[in-house]
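Quick notes on the structure that follows.
Nothing in this text is a laboratory measurement; each read-out follows from the coordinates by a stated rule. All of these numbers come straight from a predicted model, not from anything done at the bench. When we count neighbours, we look across all protein chains shown, and the Cβ atoms used for this are built from the backbone with ideal geometry, even at glycine.
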Amino acid sequence: MASDQGRAIAQLWARLVKVTEFSFTASNGPGSATDWRGHARGSVGVVAGERQLVFAEAAHFTHSDGREVELQNRYRWTLLAESVRLEHLRRDEPVLLFELQPVTEHGFRQAAAHVCGRDKYTAELLLHKNELELIWQIHGPRKNERLHYHYW
């Protein structure tokens, strides 16, 4: 099994290095008190190190009511022995989101949920032929949200 996990991680890493574009859709479900709904499409600048990648994402987010907002995020991916770590770089301070572990040859899931206050974040990442799909779920007293990313 370890060699299967190693192959899945190596395949994911090889794909992450090549990412140049992304899109995402934000939606919320029953019980959500947030208004985070809409979609974005933009570019990804990748700065690659030996075992780390930094994604600088830039896009225009179009809210479901038509408002547009400029969106910029920085994420750091780190290659580990049995997983790939994803951190959000807020003001260059890393916030651990997930360690994604292979569960199939083309599918990853968080090793543990990310907890922020009373909110719990979970994620799965799927490798498709021409894209990577990252789906976040956020559940809490005021949140029931889904962020659906596509990277290519």
Given the conditions (1) touching a His at 6+ places or on another chain (Cβ under 8 Å); (2) more than 14 Å from Tyr151 (Cα to Cα); (3) not hydrophobic (A, V, I, L, M, F, W, C), and given that Gly29 satisfies all but one, which numbered condition is not satisfied? (1)
Cross-chain or 6+ apart pairs with Cβ under 9 Å, the range 37-55 first and under 18 Å from Leu80 (Cβ atoms), then among the hydroxyl-bearing types (Ser, Thr, Tyr) and surrounded by 12 or more Cβ atoms within 10 Å (Cβ to Cβ): Arg51/Thr78; Gln52/Thr78; Leu53/Tyr75; Leu53/Thr78; Val54/Tyr75; Phe55/Tyr75; Phe55/Tyr151
What number of residues in the range 102-121 are part of a strand (DSSP E or B), farther than 18 Å from Leu12 by Cβ and free of Cβ contacts under 8 Å to residues at least 24 places away in the same chain? 4
Would you pick out the residues in the range 1-36 that are in a helix (DSSP H, G or I), more than 17 Å from the chain's Cα centre (by Cα) and loosely packed, with under 13 Cβ neighbours inside 10 Å? Ala2, Ser3, Asp4, Arg7, Ala10
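Which of the residues belonging to the range 136-152 are without any contact (Cβ under 8 Å) to a residue 40 or more places away in the chain and surrounded by 15 or more Cβ atoms within 10 Å (Cβ to Cβ)? It would help to see each step written out before you state the result.
As a first pass, look at the range 136-152 and keep what is without any contact (Cβ under 8 Å) to a residue 40 or more places away in the chain: 136-141.
Trp136, Gln137, Ile138, His139, Gly140, listed by residue number.
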